[in-house]
Amino acid sequence: MGRPRKTGGTVYRRTDSAFWWTSYRDRDGRIVLESTGTADQQEAEQFLRQRLNARDEGRLPVLLASKNLTFGEWADWYLENRSKPPFRAEKTHLQNLNAVGMLKPTFGTIRLLDITPEAVEQYLRRRLLEGRRCHTKLGLQYRGTVKPATVHQEFRVLRRILNVAVNQRRLTQNPCSFVEFPASVAKTTKKPHYMTASEQERIEMCASSHLKNAIVIISEIGLRPYKELMPMLKCQVDLENRLVHIPDSKTASGVGDMPLTERALQAFIAQIDQTPGSEYLFPSTKPKAKRPYITKLKTAWRATLRRAGVPYFPLYHLRHTFASRLSAGGVSDHFVTQMLRQGDADVFKRYSQAKLNMMREALDRLDRHANEHPASFITSRPN
């Protein structure tokens with residue numbers, strides 16, 4: 001039968017190296033020769049035991065694949081292949097670039113395998129104590145301290161990058177999973193503004209025609225302003241069936257059809273009539289614009305709120321208004337998430353027609369006076 005195969009492994013010296021080397025077999029029986037990176041025999045034997053344990057647990061291919069991969073190299077790969085559109089929005093890519101720029105001085109030269117939860121926690125605590133960098137005429141100055149929300153954004157980017165490394169079998173586990181953020185970000189996060197019906201009337205009276213139509217559409221069916229509504233083509237609007245098709249969205253669950261309320265339908269009709277000769281709903285009026293549609297509404301939105309006497313809040317908060325009105329109308333939280341197209345869309349993709357009917361029923365229960373009801377613990381009756 002021959003001599004049984006040796007499954008343990010050994011450490012040995014090489015004449016061309018000052019370090020101890022290991023020789024062992026992987027699960028497929030192939031011999032693996034690897035430097036331990038140490039001149040101490042006990043440390044080399046400990047290294048061999050770790051490799052054998054990883055082999056028995058099925059983690060050895062991951063360890064060998066990422067043995068010499070540094071965080072800086074992996075972060076560059078992530079920015080090039082997972083951060084740019086269409087994977088992420090352009091604004092998200094810029095946020096990732098800024099966060100990686102802060103992470104690289106600490107983790108750039110460290111191997112992925114050597115990033116520990118302790119190292120991540122030390123980075124977060126140090127960043128929370130650092131001064132806020134301000135570029136002035138006198139040069140770079142530090143004023144106050146960094147906001148916890150800023151550091152938390154860097155932590156989220158780090159966790160996202162390492163999650164991709166786990167999915168790509170470069171790591172066996174994400175060290176950020178064992179880290180609890182050492183500060184509260186609740187006080188630094190702005191609470192969204194929920195527009196009342198009376199505020200909406202004043203805003204619409206002071207808004208230009210195209211902005212008024214955008215306000216009605218977003219508050220009625222919750223489209224994302226710059227990702228879904230502004231780039232929309234007229235061929236995506238089905239007036240006969242009262243549907244709008246969304247071919248591209250921020251998330252995979254955002255792609256699909258959305259039914260229209262009566263007010264949203266009238267707003268789409270008005271916007272189509274106001275823009276003859278253009279295939280876009282909101283065409284750009286600037287001949288040298290980079291995009292053939294309107295990409296910014298912030299200036300017009302701010303001026304409209306000022307004329308209406310309403311404190312400023314981002315246009316995106318109209319989606320929060322849409323969600324709050326659905327909830328006030330008695331729609332369940334789970335289905336509100338589906339209407340916002342943020343959750344798992346696989347649940348409803350199996351029965352598309354049933355999904356559209358449920359959406360129509362939910363939109364019929366939208367309460368446009370949700371934020372003007374007197375305070376009560378009882379859910380308001382649907383209109």
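Quick note: the coordinates plus some simple rules give every number you see, no bench work behind them. The model shown is predicted, which means the values in this text are computed figures rather than measured ones. Note: ideal-geometry Cβ built from the backbone for every residue, glycine included; neighbour counts use all protein chains shown.
Observations on the model:
- Segment Lys286-Asp16, length gained on full extension (0.36 nm per residue, minus Cα span): 90.3 nm
- Under a Gaussian network description of the chain, with springs only between Cα atoms under 10 Å, the residue in Ala99, Ala39, Ala362 that fluctuates furthest is Ala39.
- Sorted peptide list for 329-336, 146-153, criterion being average Cβ within 10 angstrom, highest first: 146-153, 329-336
- For region 197-372, diffusion coefficient by Stokes-Einstein and Kirkwood Rh (Cα), 37 °C, 0.692 mPa s, µm²/s: 197 µm²/s
- Between region 49-94 and region 253-292, the alpha-carbon center distance in angstrom: 41 Å
- Calculated FRET efficiency for the pair Leu129/Arg307, C-beta based, R₀ 45 Å, to 0.05: 0.55
- Length-normalised contact order for the chain - Cα pairs under 8 Å, 6+ apart - percent: 12 percent
- Computed over the chain, the per-residue total of -39500 (n - 2.57) for DSSP H runs of n ≥ 4 gives a 222 nm mean residue ellipticity of -13500 deg cm²/dmol, rounded to 500.
- On the beta carbon distance between Ile269 and Arg82, with R0 = 45 Å, the FRET formula returns roughly 0.65.
- Classified by the C-alpha gyration tensor, region 71-178 has an oblate form. Its axis ratio a/c, with a ≥ b ≥ c, is 1.5 or above, and a/b does not exceed b/c.
- Taking Cα centre as origin and charging only the Cβ of basic (Lys, Arg, +1) and acidic (Asp, Glu, -1) residues, the dipole magnitude of the chain rounds to 960 debye.
- Only Lys, Arg (+1) and Asp, Glu (-1) charged, at Cβ; region 71-178 dipole about Cα centre in debye: 380 debye
- Protection proxy ranking, highest mean first, for peptides 113-120, 314-321: 314-321, 113-120, where packing is the per-residue count of other beta-carbon atoms within 10 Å, averaged.
- Among Ala214, Ala18, Ala267, the largest mean-square fluctuation in a Gaussian network model of the chain (Cα springs under 10 Å) belongs to Ala18.
- From the coordinates of this entry, Rg and Dmax of the Cα atoms in Å is computed, and it appears in (1) 27.4, 115; (2) 18.6, 55; (3) 28.1, 93 under the label (3).
- On the beta carbon distance between Glu45 and Ile110, with R0 = 25 Å, the FRET formula returns roughly 0.50.
- Cα gyration tensor shape of region 134-256, rounded if a/c is under 1.5, else prolate or oblate by comparing a/b with b/c: oblate
- Backbone HN-Hα couplings from phi across region 165-180 [Karplus 6.51/-1.76/1.60, Hz, Gly and Pro as x]: 4, 5, 5, 8, 6, 8, 9, 8, 7, 8, x, 5, 5, 9, 10, 9
- Extension gain, Asn167 to Thr136: 0.36 nm times the residue separation minus the Cα-Cα distance gives 6.9 nm.
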